[in-house]
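The values are calculated or read from the model by the stated rules, or taken from the named source; none is laboratory data. All figures in this text were calculated on a predicted structure; none of them were measured in a lab. Note that we place each Cβ from the backbone using ideal geometry, even for glycine, and neighbour counts take in every protein chain shown. Accessible surface areas use protein heavy atoms only, side chains included; no ligands, DNA or RNA. Shrake-Rupley method; radii C 1.70, N 1.55, O 1.52, S 1.80 Å.
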Amino acid sequence: MPRLDATRRHEVAFTLNGAPARVEVEPRTLLTDALRHGLGMTGTHVGCEHGVCGACTIIIDGLPARACLTLAVAVEGSDVRTVEGLAPEPGRLGVLQAAFRRHHALQCGFCTAGILMSLDAYLRHRPHATQGELTEVIGGHLCRCTGYAPIIAAAVEAAALLRGEPTEETPSHA
C-alpha cells in the first residue's frame, strides 16, 4: 500500500456485495464508518470499537474481518461483503437469515449481522460443519439477549439447507 497523505481525503475503490463501490475517506477512517456513513450500509454495527464483540464482522476477500479494526483504505481492490449482501434479492431473506427468523435467533438484533457474516463465511468453506464447530464460530460474538441456543439451532438448520438436506422446516417429499 502506498504512503498516504494524512492531510487529504483518498478515494477507495472496491467491490461491495458484488457491485463496484467507491468512497472518499481520510486515511484514518475506519471501515465501519466508511460503510455506514460513506456508503449507507448500516447493517454493519459498531459495538465495542475494539474488535471484541463481533457486531462489525464483515467478509473481506472471503474471510471474516472486524470492520472496526480495519482502515477503509486497506480494502482498496478487495471484495467486501456486508449483511446487506446476504439477501438473494431485495425483499427476500438469505438461507441463514430465514433460519434465524424461524428459530427466533435474534432479539434486539444488534449482534445479528456480525454473527450471520461469520457463519456465512464458515459455511462457505465448511458446508458439513458440526454443531460444535458452529458453536465455536459464534464464540467470537457477544449476544446479551438470546442465550445462543436459538442461534446454534438456526445455524445447524441453515447448514443442512445449504447442503440440500431436508430439515423439520423443509420436509422431504417422498
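Treating only the Cβ atoms of Lys and Arg (+1) and Asp and Glu (-1) as charged, compute the dipole magnitude of the chain about its Cα centre; round to the nearest 20 debye.
About 200 debye.
For helix 112-125, report the angle its Cα long axis makes with the longest principal axis of the Cα atoms of the chain; keep it between 0 and 90° and round to the nearest 10°.
Between helix and principal axis, roughly 80 degrees.
Leaving out ligands, DNA and RNA, and with a 1.4 Å probe, what % of the accessible surface on the chain is carbon or sulfur?
After summing per-atom areas, the C and S share lands at 52 percent.
Between Arg144 and Gln131, what is 0.36 nm times their sequence separation minus the Cα-Cα distance? Round to one decimal in nm.
Roughly 2.6 nm would be gained on extension.
How far, in nm, would the chain grow between Asp5 and Leu63 when pulled straight, counting 0.36 nm per residue and subtracting the alpha carbon separation?
Taking 0.36 nm per residue and subtracting the Cα distance, the gain is 18.0 nm.
Return the loop-located trypsin sites (Lys or Arg not before Pro) in the stretch 31-127 (DSSP other than H, G, I, E, B) with at most 16 other Cβ atoms within 10 Å of their own Cβ; answer none if there are none.
Arg92
Taking the structure as given and computing semi-axes √(5λ) of the Cα gyration tensor in Å, which label from [x] 35, 29, 15; [y] 32, 16, 13; [z] 27, 17, 13 fits?
Entry [y].
Report the charge-dipole magnitude of the stretch 95-163 in Debye, nearest 20, computed about the Cα centre from +1 at each Lys and Arg Cβ and -1 at each Asp and Glu Cβ.
With only Lys, Arg, Asp and Glu charged at Cβ, the dipole is about 140 debye.
Using a probe radius of 1.4 Å on heavy atoms only, what accessible surface per residue do you get for the chain? Whole Å² is fine.
Here the residues of the chain average 55 Å² of exposed surface.
Pop the C-beta distance of Arg163 and Asp79 into the FRET formula with R0 = 35 Å and round what comes out to the nearest 0.05.
Plugging the Cβ-Cβ distance into 1/(1 + (r/R0)^6) gives 0.90.
What length, rounded to one decimal in nm, is gained on full extension from Gln107 through to Ala13, with 0.36 nm per residue of separation minus their alpha-carbon distance?
30.4 nm
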